[in-house]
1. As a check on your grasp of the helix formula, calculate [θ] at 222 nm for the chain: sum -39500 (n - 2.57) over DSSP H runs of n ≥ 4, divide by the residue count, round to the nearest 500.
2. Ignoring ligands, DNA and RNA, what percent of the 1.4 Å accessible area of the chain is carbon and sulfur?
3. For the stretch 150-159, in order, what is each residue's ³J(HN,Hα) by Karplus, 6.51 cos²θ - 1.76 cosθ + 1.60 with θ = phi - 60°, in whole Hz (x at glycine and Pro)?
4. At most 16 other Cβ atoms within 10 Å and a DSSP loop assignment: could you name the chymotrypsin sites (Phe, Trp or Tyr not before Pro) in the stretch 41-109 that fit?
5. Just tell me which lysines come within less than 26 Å, Cα to Cα, of Lys13; anything on the same chain fewer than 8 places away is out.
6. Dividing the convex hull volume of the Cα atoms of the stretch 88-134 by its residue count, what figure in Å³ per residue is obtained?
7. Calculate how steeply helix 30-39 sits against the longest principal axis of the alpha-carbon atoms of the chain, using the helix alpha-carbon long axis, and give the answer as 0 to 90 degrees to the nearest 10.
8. Non-local amide H neighbours of Phe115 (under 5 Å, H modeled in plane, Pro and chain starts lacking H): which ones?
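The values are calculated or read from the model by the stated rules, or taken from the named source; none is laboratory data. The model shown is predicted, which means the values in this text are computed figures rather than measured ones. Virtual Cβ from ideal backbone geometry, glycine too; neighbours counted across all protein chains shown. Note: areas computed on protein heavy atoms with side chains; ligands, DNA, RNA excluded. Shrake-Rupley method; radii C 1.70, N 1.55, O 1.52, S 1.80 Å.
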Amino acid sequence: GVLHLDPLWLTEKNGHTCPFTWDHQAFPDPKAMITALRNHGIRLSLWINPFLPRGSAVYQEAAENGYLVHTVDGDVARLPRFGDDSGVVDFTNPAAREWYKTLLRPLLALGVAAFKTDFGETAPFEEVRYANGVSGKVGHNLNALYYQQTVYEVTEEVYPGQAVVWGRSGYAGSQRCSLQWGRGNRRTL
C-alpha cells in the first residue's frame, strides 16, 4: 500500500509552496514514522511542487544561484495563479535541475518511496525569460517536462527500475517518467 501526504508534512501548509521543511510538531520523527510504515508494508509518497516561498532557505539559495524563472526585466517572476512572491524553479537550467535533486535526496534517504509532483503547469509564461533562452510559452511547457524528469531521475537513483512519480503536468515525453493524474487542469490550445 501507499500512504500519501499532501502539504501537511510541510511547515507551510498553504497548498501551493514547498519549503522542503518537515513540520516536526505534526511529524516529530519522520524517519521512525517512515520505517514503521514500511515495516507494515506501506510506502510513503510526499507532495512537492516547484514553487519556493520567499523568505525560505530554499528560495534564498535558488535566488542567489539563478535557479528561478525571471521576468524579462531580471526580477524573479511571480506565480501567475497565486499572487504571492514565491519563486518558480527554472528547470530549463541544468544546474537548477541538479540542485533540485539535492532537495529530494534527503527525503529519499529517509525512505520516501515516491513524490506527487504538483503544479508544474502553473509556470509563468508572459513577460518571462527562461534560462535556456526559449520563449515564455515554450519554457512553460518545457519546465513541466523537465520538472517531471528531474524528480524521476533522482527517484530512479534510489529505486532503479521501480521509480514512480505521481505527476500532475507535463509535456510530450512526460509519459516516460511519471504516472499522470488529471485533476484540475483545463485544456488549452
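1. Computed ellipticity for the chain at 222 nm equals -10000 deg cm²/dmol.
2. Carbon and sulfur: 52 percent of the exposed surface of the chain.
3. Per-residue couplings from phi come out as 4, 5, 4, 4, 6, 5, 5, 4, 8, 10 Hz.
4. Loop-located and lightly packed - Phe82.
5. Output for Lys13: Lys31, Lys101, Lys116.
6. 75 Å³
7. 60 degrees
8. Leu46, Trp166
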